[in-house]
Amino acid sequence: MKFGLWFCNTGRYVDPTPAVSLAQAAEAAGFESLWTVEHTIVPAGYSSAYPYAASGKMPGGREDFPLPDPLIWMAFVAASTTTIKLGTGILILPQHNPLLVAKQIATLDHLSRGRVLLGIGIGWLREEFAALGVPFEARGARTDEYVTAMRELWFAEKPTFNGRFVSFKDAYCRPQVGCIFGCCKNVGPLKQRVSGASGPWRGDIRWASLGHARPRLRGKSLRELLAIVPAQRQPQIARLFEAPHSMTQGDACMDPLHE
């Protein structure tokens, strides 16, 4: 079992010195990961029901609380740490341009030497979507498509995608990276599309290696996989072959990642 700290980009840790102190102390104490949350804005007097509390309101009783952008906060603390993993729990994917997110995540994962854990959700705050100019009703379908498009950007040799919400052709997006990807378990069809295989839930998020999105990795031996994947992901690939549910070589990049 591994332990992480939640809501790290909130409270006193929105400020630089406490944020770095938290990250370094957590790393020194042996915590596996730091997790951030996201709301670009919180509209005053919102009427959308927060789904994780009987009150229908976010914790803390305030709407004007400071909440730094999760990816920028993660990049900031990554520069002051070396081993602790950095996760979004969650990033509201349909509110973002998937090409920009793919670039940001791949860049952060590359510069942090493979420490990014990307958790995504479809969002619940209708007023926030309205302010951002993103249709609330189509957020599930948009998220499904964005995940597929981002996988294409991260793993295809010459990324090309033509969908309902996003299209691109021969669009190089470098660096490419094999980050760990997850989704909220109550998303419905999205969880099957992201995970794509049976496996246990880790809390409210199910994790899978995105390596299975790259067909040329299927059926490879451990030695062959280690020769292909980025160096920072090699220990995780190696652990796939040691997972307790005894994956076969052909399944190694298709089953949930156990750490």
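Odds and ends about this structure:
- Between Pro16, Pro51, Pro59, Pro66, the distinction of being free of Cβ contacts under 8 Å to residues at least 24 places away in the same chain and exposed (fewer than 14 other Cβ atoms within 10 Å of the Cβ) belongs to Pro59 only.
- Single residue of region 98-135 satisfying the filter (crowded, with 16+ Cβ neighbours inside 10 Å and of a type in the set (Gly, Ala, Ser)) that is farthest from Phe76 (Cα to Cα): Gly123
- Test: residue in region 142-159 that is surrounded by 19 or more Cβ atoms within 10 Å (Cβ to Cβ), touching a residue at least 60 places away in the same chain (Cβ under 8 Å) and within 13 Å of the chain's Cα centre (by Cα): yes
- Any chance Thr36 is closer than 25 Å to Thr81 by Cα and in contact with a Cys (Cβ under 7 Å, 6 or more places away or on another chain): yes
- Subset of region 2-18 [part of a helix (DSSP H, G or I) and among the β-branched types (Val, Ile, Thr)]: Val14, Thr17
- Residue in region 93-100 that is part of a helix (DSSP H, G or I), of a type outside the set (Ser, Thr, Tyr), within 10 Å of the chain's Cα centre (by Cα) and closer than 21 Å to Cys8 by Cβ present: yes
- Scanning region 116-128 for residues that are in contact with a Lys or Arg (Cβ under 7 Å, 6 or more places away or on another chain) and either outside any loop (DSSP other than H, G, I, E, B) or at pLDDT below 95 (or both) gives a single hit, Leu117.
- Among the residues of region 79-95, none qualifies, meaning not one is crowded, with 16+ Cβ neighbours inside 10 Å and free of Cβ contacts under 8 Å to residues at least 40 places away in the same chain.
- Within this structure, Ala75 fails the test of being in a loop (DSSP other than H, G, I, E, B), among the hydrophobic types (A, V, I, L, M, F, W, C) and surrounded by fewer than 22 Cβ atoms within 10 Å (Cβ to Cβ).
- Selection status of Glu38, within 22 Å of Ile105 (Cα to Cα), in a loop (DSSP other than H, G, I, E, B) and not β-branched (Val, Ile, Thr): yes
- Region 33-48, subset among the β-branched types (Val, Ile, Thr) and in contact with a helix residue (DSSP H, G or I) (Cβ under 6 Å, 6 or more places away or on another chain), residue surrounded by the fewest Cβ atoms within 10 Å (Cβ to Cβ): Ile41
The values are calculated or read from the model by the stated rules, or taken from the named source; none is laboratory data. All figures in this text were calculated on a predicted structure; none of them were measured in a lab. Using ideal geometry, Cβ is built from the backbone for each residue, glycine included, and neighbour counts are taken over all protein chains shown.
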